[in-house]
Amino acid sequence: MGLQQDTVTWFVGILFLSTLFLCSADVHHYEFFVRESNFTKLCNTTTLLVVNDSYPGPEIRVRRGDTVFVNVHNQGNYGFTIHWHGVKQPRNPWFDGPEFITQCPIQPGTNFTYEVILSDEIGTLWWHAHSDWTRGSVQGAFIILPAENETYPFPTPDADQTIILQSWYNGDYKQIIDQALATGIPPRQPDAYAINGNLGDTYGCTNDTIFRMQVDYEKMYLLRIINAAMNEQQFFSITNHTLTVVAQDASYVRRFTSDYILISPGQTMDVLVSANQNVGQYYMATRPFSDASAMPPDNITTGIFQYTNSEGGLNASLITLPARDDTNATNSFISRIRNTNVTQNPPLNVPTGIDRRVFITIATNTVPCNTSQCLLPNRFVASLNNVSFVFPRIDILQAYYNSTGGVFTEDFPLNPPVFYDFTGNLTGFNTRAELGTRAVVLNYGEAVEIVLQATQLGGGGSHPIHLHGFSFYRVGSGSGNFNNETDPRTYNLVDPPLINTIHVPGKGWAALRFFANNPGVWFMHCHFERHSSWGMDTVFIVRNGTTTETSIRPPPSTMPRCPGT
């Protein structure tokens, strides 16, 4: 049933895309030179690995359905990869990017050209490094404009502005996580947050810059907001101005207004704002949200929404943002996001008859720490279904494609090994996890449902879970322990949002559905970087279909070589 339904879906999708893009698709070429550069913030100079000497890096701006070639030159001191976050890369996992999942790192002194194939994505995505913590400084926007013959499903904005929310550390991002993993303790908290690389006016260093967005009275602006922070969900608002949400994760949503947004690491959101207030200067601001026991620093970072010809100081100095632990504000905002029935979106196709169900518990755990640098007997790890992911030294895609044994196993548990009160008091509960490189294997065309269950093991709290290679429907979410009899009755199968990164609420669960119609090896992981580094990851392998058009493309001859091969 799943295969038949997916064949129809694939055919409809091809017709949809070919109608839009066949005559207008273009090819673009970019050059990324990645090297260390110095940046001074918080009255401190730090050396960062960046692209083209900029933080954030250069913006890619293309149209829906285009193809992009990015030649990445590694002029730094260590290897890394680049991931095109939210791009499905149909049949093209070789260029997806996560290190030791679909490729090995680009070594210093070498280069590698990525082929980025766009399909139905529209709006705002982003690119970032996918090795250790290098994405903290190697990052940038990936803007996908409507195709030549397309319009926006809302009033055309007078201009658009990219807003990238970031974590700032005084120090090298890779060194921070390397030291934490070696000693077995959590990595340190960020020193500040940033908007487009600017720390604003709240941190006490007079040399810090503030981001200014200049606007004209009565003009409409499209904000392309990206949360590139390392471990922090973020609230964002503009004082005295209403935000109209129009898209999330490169898919249009039903328009709604709000005084603030909540955006998780990895997510993108397109927001309209009208410059309809008294001419002046107004704060834009961001602060973290957390429902975990270990809170991030409660810093507010500012920018300025500045009207042309405005004089004097800020019109409204009072910043109104939800509190750092305001779960009601978070849940209320997320619950309002719905798919919209517009021609610019792919036809709604929510799986109903499910072929493969996967129930995954999310936890932070411990394992014995037995290196000379350990500071405690146990070190922190994280897990999905009690398996803490271990990255191999040969990428899984290459091993799978070439049938190389000993790299991974195909036995990731489809259910937790033990059922318990996931969201209850777990004092005294065994926190140990197993280590392994274990994958889920799906047949081409299967209708898949994944339920993600947060637990109170470790620090608890919510998690942004990102799946490579797909957009999926968020069909349900709730508090407490998932009940497989009653909770599916609450699913939204009418207009669920189509996203690539899902918010799993603390002490709760979230459900997603998709068709496994993209053959390849696809990473799924928490987009809190400390959790992914600790092993809150797994891999979904989608087998080839029965035709060339439903099978993985052959590997390019230029793939970076794995260490020691």
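The values are calculated or read from the model by the stated rules, or taken from the named source; none is laboratory data. Remember, predicted model here, so these are calculated numbers, not experimental data. Virtual Cβ from ideal backbone geometry, glycine too; neighbours counted across all protein chains shown. Surface areas here come from the heavy atoms of the whole protein model, side chains and all, with no ligands, DNA or RNA. Shrake-Rupley method; radii C 1.70, N 1.55, O 1.52, S 1.80 Å.
Points to keep in mind about this one:
- Candidates T320, N492, G280 compared by Cα position along the dipole of the chain: farthest toward the positive end lies N492, with charges placed on Cβ.
- Across the alpha-carbon set of region 341-417, the Rg to Rh ratio works out to 1.15, Rh being the Kirkwood radius.
- Listed by chain and number, the aspartates and glutamates whose alpha-carbon sits under 13 Å from that of K507, ignoring those within fewer than 8 places in the same chain, are D291, D421.
- For the chain, the 222 nm mean residue ellipticity estimated from helices alone, with every DSSP H stretch of n ≥ 4 adding -39500 (n - 2.57) and the total spread over all residues, rounds to -2500 deg cm²/dmol.
- Proximal lysines to K174, defined as alpha-carbon separation beneath 23 angstrom and excluding residues fewer than eight positions away on the same chain: K41
- Taking every protein chain into account, the accessible area of region 354-548 amounts to 37 square angstrom per residue (probe 1.4 Å).
- Relative to its Kirkwood radius, the Cα radius of gyration of region 354-548 gives an Rg/Rh of 0.97.
- Under the convention that each Lys and Arg Cβ holds +1 and each Asp and Glu Cβ holds -1, the size of the dipole of the chain around its Cα centre is about 660 debye.
- Per the Debye calculation on the chain with a single equal scatterer at every Cα and no solvent contribution, log₁₀ I(q)/I(0) for q = 0.08, 0.10, 0.11 Å⁻¹ amounts to -0.50, -0.81, -1.01.
- Annotation: peptides 327-337, 95-105, ranked by per-residue average of other Cβ atoms within 10 Å with the highest first, follow the order 95-105, 327-337.
- C-alpha center-to-center spacing [region 454-497, region 292-356] in angstrom: 18 Å
- Furthest towards positive pole of dipole, T558, P505, F422, structure part region 416-565, Cβ charges: T558
- For the chain, the relative contact order is 15 percent, taking Cα pairs closer than 8 Å that sit 6 or more residues apart in sequence and dividing their mean separation by the residue count.
- Charged-residue dipole, Cβ positions (Lys, Arg, Asp, Glu), region 322-463 about Cα centre, Debye nearest 20: 240 debye
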